[in-house]
Amino acid sequence: MAKDFTVGEGVKRREDVRFLTGRGNYTDDINRPNQLTCVFLRSPVAHGKITKLDIAAAAAAAGVVRIFTGDDIAAAGLGSVPCGWEITQTNGEKMVEPAHPILAHGKVRHVGDPIAAVLATSRDAAKDAIEKIDLEIEELPAVIDMKKALTQASTVHDEAADNVCFDWDFGDKAATDAAFANAAHVTTLELVNNRMVPNAMEPRAAIGEYEPTTEQHTLYTTSQNPHVIRLLMGAFVLSIPEHKLRVVAPDVGGGFGSKIFHYAEEAFVTWAAKQVGRPVKWTCERSESFISDAHGRDHVTTAELALDADGKFLGLRVDTLANMGAYLSTFAPAVPTYLHATLLAGQYTTPAIHARIRAMFTNTVWVDAYRGAGRPEATFLLERIVDKAARELKMDPAELRRKNFIPKDAFPYDTPVALTYDTGDYEATLAQGLAMADYANFETRRAESARRGKLRGIGLSCYIEACGIAPSALVGALGARAGLYEAATVRVNPTGSVSVFTGSHSHGQGHETTFAQVVAERLGIDQSAIEIIHGDTDRVPFGMGTYGSRSLAVGGSAIVKAVDKVIDKGKKIAAHLLEASADDIVFEDGQFKVAGTDKAKAFAEVSLAAYVPHQYPIEELEPGLEENAFYDPKNFTYPAGTHICEVEVDPDTGVVDVLGFWASDDFGNVVNPMIVEGQVHGGVVQGLGQAFIENCAYDENGQLPSGSYMDYAMPRADQFPRFSVETSPGSTPCTHNPLGVKGCGEAGAIGSPPALVNAVVDALKDYGVEHLDMPLTPRRVWSAIVAAKPAEAATQAASAPAAAPSASASPSGTGGLLSRLFGGKKN
Amino acid sequence: MPQVSMTVNGQAVSGEVEGRTLLVDFLRETLRLTGTHVGCDTSQCGACVVHLDGESVKACSVFALAAEGGQVTTIEGMASPDGSLSVLQQAFQDHHGLQCGFCTPGMIMSASDLLQKNPSPSEHEVREWLEGNLCRCTGYHNIVKAILAAAARMRGEPDPDFGGAIAAE
């Protein structure tokens, strides 16, 4: 067979046809015989004691089969929803790790905390019954603001008197203090990294099922990592051994981190199915997902950058409050620590860095990894403070960055925050980005805008991320309670087709196509002869799943390792068939050949011989052609690049128009450029969404005013321009994985927010605006303009439309959004 | 319970519903046509868009009984009977206009209504039309690109150049 495509080509995705024709198989599309529908009663208040919970009337309602409360969970002795990462504090003590019950017991700790579960024959019956539950809660003062939480009398958990989960520091404090003592200039910046709701378009769902004759549990769930769920839920919550628990994550409609974690609802339906002897299905409603999915970001930071007289960075000091929410989610403690503080060198040679991170409990939904996870927060503070320093020193922001870049010939490079960057060329990505954006002629465009009364600005962001998570021994030393390798099985079938079982999970990334490209290239066979199987613990031997831009770098490497084992075995079989020494067999273009001769056996001939071992070295070699591999990465990978954003601000209204966005990235080798571009597009809009319109806002009582799509500003098609996305011609392949790939899934969300904010601050430079917190709503921008120019305030206010300054604190989006919400043409 | 009858993808169907049953639930739960998705509860996301009597509607905002006697087309009815993709579906694949696939049925149903009404939409018109369809994966870039390409192909023209960074309009 001739191979019909190769690595490096933008092959169309094979998974598309089922999605384009309505034949996808998402969790909520699955219905099991005799199933019950589960609906949760959730806390309407942020903090309080449950003083009454009477389910009698609800239990008697039509269609209701059973109602469970926290008492039932406690009586059954079920475990706490576990946390997968333990931080050791600066004082040597372990982090405070309170229990997270499956259903609230005694106390509720956030709006949305599940209190009772109604199992009924239909969703409507369950929802009707929920209304009949008699619930009384004695409200306690809510802990919401992280700074106030430090001294507030009220505590989320009794174990944490000051609401601090951990107080942790990282880096060399003495060296950093010394750098500041010697600095010619210090730039200081206080900033907020606003809270996000991940909002994968498919809401979470879970179906539990139990077969009593075999004691087999099955969980269908919307997960990025079914084996991880099997481990966490089976071992820590329900005490079900792996061989009695199957977890299936079928087609999953986006994750962005929010579907990594083990959630209480998954454990509940799995447990409840056994109690009632029927399958139990729960599907989250969107407004429910706002109060039950893990949120992202939510840092409050003070950063200081020390520079010498020439603009060389001498030291960086960071003090961050990071919101954990009410309970510790699966990877929450790792996000502001080892995925954040370790990235504070960025692309720069800053010799001394120190960070203090205090993780805070609040009466809000928990915060965990969201696309980028810690790295966007690090990039945002670094790229904002570098920009502010450039402005203060009256230097070109590109020039200040260039002056401090780690030079291309300095790799591998040890940063002062524990990472060793294997490779990179930051000058190349910057140069390409500046050329793409026509940076040199920006002032001409600014002058043109000014003639129309508009303020034009341009902003840079030179990001780096640590992906390909992660070397198991390293993360274990840092507190991870799991290994972070990946597993693969490559099964060559008798007639030469190949089934690849991967522990990575595809929920939009296109693994079924990309992984097939990799295998087709390596084996020299047609892609149609290759099947990629994922998402089912009964089919895939093991896996750690998809997050941290790790699928190709770690999962793909495991596949390559298994393929190489197949080739090695195939050589021995071919040697026997060809009566040659295995050392003389070469594998090329799908043929096992005797080097230097025309003697050859096709791949399918060798696979057939392996399964029909009539003429076979049976004394030395087992029949069959199937290999397993586990790949544990030696290092993180370090994708990097330059993102540039150009905006125009209307000074009368504060409305920001994004005119252009250019991404110049180094992802190492690229398998499918079409998919890589798509990943960047999506990441960029998530990042620009954060910077521009999105905001998860709690009020002081812990209510969530931005708790639905009516109130939370999701990015829409008409708010953004086309994007220009290119990988750098100077891309530097990863040096330590067999594909030379670095990962591309998170870069857009990491690089883009500071580019947009830097652009808007640049546009407002004549108003003396030094910083704006995200999201840059018209109200926030307009207010900054007015505050900066009090003399002009009266005229500005008089000419501004009422909608802009009077918009509420929740995100109001761009001008088009209001008309969209209230004047949409469809429904 | 009341009975409702309608034509879905050319087939006459009927079933018992409650007065409050939404068209999307009738399609998904009663008919098991699960290609139409539910992504929100406030009629914002557009994952449930179907055609009712030739117009795109959000099936979460129509009672099943309100579709009595109606002609409904869902994503399952968009490819040719032989399984080949429509011009619009093919353009989505060619231009990587989908990633996780969850919003895709609504995007296809919404965009096909646009192209029926306006065979030559501008980029701006496409973006404005999609205001009622949310996608979290693609950043919309390739969706817009695919719809413009489909429009061109339906007019017998080559796919337009979608390069360049600053929006044309």
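Nothing in this text is a laboratory measurement; each read-out follows from the coordinates by a stated rule. Values in this document were obtained by computation on a predicted structure and should not be read as measured data. Heads up, the Cβs are rebuilt from the backbone with ideal geometry, glycines too, and the neighbour counts pull from every protein chain shown.
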| query | Out of A:T653, A:A663, A:T637, whose Cα points farthest toward the positive end of the dipole of the stretch A:575-680 (charges: +1 Lys, Arg; -1 Asp, Glu; placed on Cβ)? | reply | A:T637
| Net dipole in debye of the protein assembly as shown [+1 Lys, Arg Cβ; -1 Asp, Glu Cβ; about Cα centre; nearest 20] | 580 debye
| field | Average beta-carbon neighbours from other chains, 10 Å sphere, peptide A:22-31 | value | 5
| note | A correct fewest-to-most ranking of A:L621, B:L134, A:L20 by other Cβ atoms within 10 Å would be A:L621, B:L134, A:L20
| Do any of A:K12/A:K599; A:K765/B:K145; A:K127/A:K274; A:K94/A:K148; A:K408/A:K565; A:K173/A:K388 go past 26 Å between their Cα atoms, and which? | A:K12/A:K599; A:K765/B:K145; A:K408/A:K565
| message | What's the magnitude of the charge dipole for the stretch A:462-603 around its Cα centre, counting Lys and Arg as +1 and Asp and Glu as -1 at the beta-carbon? Answer in Debye, nearest 20. | response | 340 debye
| query | So for the stretch A:555-705, taking the charge dipole from beta-carbon charges (+1 Lys/Arg, -1 Asp/Glu), which of A:N672, A:N695, A:A602 sits furthest toward the positive end? | reply | A:A602
| field | Cα→Cβ-extended label distance, 7 Å offset, between A:V192 and A:N701, nm | value | 2.0 nm
| query | Using the Kirkwood radius built from alpha carbon pairs, what does the Stokes-Einstein equation give as D for the stretch A:94-134 at 4 °C and 1.567 mPa s, in µm² per second? | reply | 105 µm²/s
| Whole-Hz ³J(HN,Hα) from phi, Karplus 6.51 cos²θ - 1.76 cosθ + 1.60, for the stretch A:635-641, glycine and proline x | 7, 6, 9, 10, x, 7, x
| field | By average C-beta atoms within 10 angstrom, highest first, the peptides A:300-312, A:193-205 | value | A:193-205, A:300-312
| note | Cβ density ranking, 10 Å radius, fewest first, applied to A:H243, A:H614 yields A:H614, A:H243
| request: Give me the distance in nm between label points sitting 7 Å out from Cα along the Cα-to-Cβ direction at A:E588 and A:A410, one decimal. | output: 4.4 nm
| task | Taking a cut-off of 17 Å between Cα atoms, list the lysines near A:K634, but don't count ones fewer than 8 places away on the same chain. | result | A:K561, A:K742
| What fraction of the DSSP beta bridges in chain A is antiparallel, stated in percent and rounded to the nearest 5? | 80 percent
| message | With only alpha-carbon atoms in the gyration tensor, what are the semi-axes of the equivalent ellipsoid for the stretch A:54-186, in Å, largest first? | response | 45, 16, 14
| If you take the charge dipole of chain A about its Cα centre, with +1 on Lys and Arg Cβ and -1 on Asp and Glu Cβ, which of A:A116, A:V7, A:M95 is farthest toward its positive end? | A:A116
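Where nothing but the Cβ of Lys and Arg (+1) and of Asp and Glu (-1) is charged, how large is the charge dipole of the stretch B:48-169 around its Cα centre, in debye to the nearest 20?
On the way: 7 positive and 15 negative charges, 44 e Å.
The dipole of the stretch B:48-169 has a size of about 220 debye.
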| field | Cα-based convex hull, chain A, per residue volume (Å³, whole number) | value | 182 Å³
| field | Of the GluC sites (Glu not before Pro) in the stretch A:116-204, those whose Cβ has at most 11 other Cβ within 10 Å and which sit in DSSP loop | value | A:E131
| said: If I model a spin label as a point 7 Å beyond the Cα along the Cα-Cβ vector, how far apart are those points for A:N31 and B:A12 in nm? | reply: 2.3 nm
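Using a Förster radius of 35 Å, what is the FRET efficiency between B:T30 and A:D538 based on their Cβ-Cβ separation? Nearest 0.05, please.
With R0 = 35 Å, the Cβ-Cβ based efficiency is 0.70.
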| task | Give a residue-ordered list of calculated ³J(HN,Hα) values for the stretch A:757-774 (Karplus: 6.51 cos²θ - 1.76 cosθ + 1.60, θ = phi - 60°; whole Hz; x for Gly, Pro). | result | 5, 4, 5, 5, 4, 5, 4, 9, 4, 6, 8, x, 6, 9, 7, 9, 7, 6
